[in-house]
Amino acid sequence: MAYRILADLVLTLHFCFVLFVVFGGLLALRRRWVASLHLPAVVWGVLVECFFWACPLTTLENSLRQLGGESGYTDGFIDHYVSAILYARISPQFRITLGLLLIGLNLLVYWYVFRRRFSPLSKME
């Protein structure tokens, strides 16, 4: 029972991390220091997805589920939880397009954040 609860906690943490990777750039609009956490998280997320690396949180969750008597899952977190729900009926090309749009959105947000930070008007604040 305890292993299942721990696995669910890891799942929740993992989901929060994915949300932070996706939307953390928007937090940087209000709190600039968030960028120092968000940018490495984005790099990690992109590397894991692009190079099909095993995420340690997925490995930990699966191990805890197996210790708790469950079977775990063989695919990654995104494929198992997110893709099955959000992307069930869209093509892989459209998934790539959504990923590129997400990267583009983050680039725009950070361009705005850094432009605002280093503009002459920001020195007057």
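All of the numbers you see were taken from the coordinates with simple rules; none came from a lab. Not measured: the values here are computed from a predicted model. Reconstructed Cβ throughout: ideal geometry from the backbone, glycine too, with neighbour counts over all protein chains shown.
Note the full-extension length gain between Cys16 and Gln66 as 0.36 nm times their separation in residues minus their Cα-Cα distance, in nm to one decimal. All intermediate terms of the calculation are to be shown ahead of the outcome.
Numbers: separation 50, 0.36 × 50 = 18.00 nm, distance 2.24 nm.
So the chain would gain 15.8 nm between Cys16 and Gln66.
Compute the FRET efficiency between Arg30 and Cys50 as 1/(1 + (r/R0)^6), taking r as their Cβ-Cβ distance and R0 = 35 Å, and round to the nearest 0.05. Each step should come with its number before you reach the end.
Values: r = 29 Å, r/R0 = 0.83.
Efficiency at R0 = 35 Å is approximately 0.75.
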